[in-house]
Amino acid sequence: MSIFEVRPNAFNPDQTTNLRLGTRTPRPVSSQPSSGFSTNASREDHQHLLATSDVSNWYPTISSSGDPQPIVGGGVSMGNYSVIGNKLFYETNYTLYTSNTVGTGNTRVHLPFPASKLNQTALSKSGIMGSAFLYDYSAAMTYIGVALWGGVGTNFMHIYVHGYAPVVGPTVPFAWVENDQIRIHGWVPLL
């Protein structure tokens, strides 16, 4: 087997490039070492970081900076989280129904851990807690934003959407109605 192969140059089709090919004979997947070596092949010794039992369910709380507070009504509030080392990985999904309101002022989504468990020092450096996706069902439009930490002593995040100055609220970035969704996922440092 030759260790070089001649192929057209991707940057200049009038030239060719010599590509060095490996000279090792590939081993069958079953003979791969169990640690210190990785392939894209499926292996029996391959381990994922999380087992299904390591994921916990949680029902995210939504609040607002003004009164009246949001009313969940028949809405769906669900989330999952996992703790790996000193990091809390989470995802939320909040769907509104006809009896829902988002309250007044800035919408807040609370994490499953109290503020005393969050690494306030690390959070104060960037403040970014995750990515936010807001779905306007009636317009079939998705808005992308960022979830930012609410500040020292809090366990909630505010949502900012690209192109909108104020924090997400009752009319930002759209007027919230039935089947609209707030989805957030990310991670935060723990103590």
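The values are calculated or read from the model by the stated rules, or taken from the named source; none is laboratory data. If you're wondering where the values come from, they're calculated on a predicted model, not measured in any experiment. Positions of Cβ are backbone-derived with ideal geometry, glycine not excepted, and every protein chain shown enters the neighbour counts.
A few comments on the model shown:
- Residue count for the range 144-169, restricted to those that are of a type in the set (A, V, I, L, M), assigned to a loop (DSSP other than H, G, I, E, B) and surrounded by 15 or more Cβ atoms within 10 Å (Cβ to Cβ): 2.
- Residue check for Ser138: at pLDDT 90 or above, surrounded by fewer than 17 Cβ atoms within 10 Å (Cβ to Cβ) and not in a strand (DSSP E or B): yes
- Applying the criterion of being modelled with pLDDT of 90 or more, of a type in the set (S, T, N, Q) and farther than 13 Å from Ala147 by Cβ to the residues of the range 83-119, the residue that is surrounded by the fewest Cβ atoms within 10 Å (Cβ to Cβ) is Ser116.
- Strands (runs of 3 or more DSSP E) lying entirely in the range 57-127 (those with 3 or more residues that are among the aromatic types (Phe, Trp, Tyr)): 87-95
- Single residue of the range 170-191 satisfying the filter (in contact (Cβ under 8 Å) with a residue 60 or more places away in the chain and aromatic (Phe, Trp, Tyr)) that is surrounded by the fewest Cβ atoms within 10 Å (Cβ to Cβ): Trp187
- Residue selected from the range 125-155 under the condition in contact (Cβ under 8 Å) with a residue 24 or more places away in the chain, polar (S, T, N, Q) and in contact with a strand residue (DSSP E or B) (Cβ under 8 Å, 6 or more places away or on another chain), by the criterion farthest from Asn106 (Cα to Cα): Ser131
- Some residue of the range 154-162 being of a type in the set (S, T, N, Q) and under 22 Å from Phe89 (Cα atoms): yes
- Residues in the range 56-78 that are among the aliphatic types (A, V, I, L, M) and more than 21 Å from the chain's Cα centre (by Cα) were compared, and the one that is surrounded by the most Cβ atoms within 10 Å (Cβ to Cβ) is Val72.
- The lone exception for Tyr135 - which of (1) hydroxyl-bearing (Ser, Thr, Tyr); (2) under 19 Å from Gly74 (Cα atoms); (3) under 15 Å from the mean Cα position of the chain (by Cα) it fails: (3)
- Taking first residues from the range 56-71 that are in contact (Cβ under 8 Å) with a residue 24 or more places away in the chain and partners that are of a type in the set (D, E, K, R), the Cβ contacts under 8 Å between residues at least 6 apart in sequence or on separate chains come to Ile62/Arg108; Ser63/Arg108; Ser64/Arg108; Ser65/Arg108.
- Filtered residues of the range 124-151 (kept if farther than 22 Å from Asn179 by Cα and of a type in the set (Val, Ile, Thr)): Ile128
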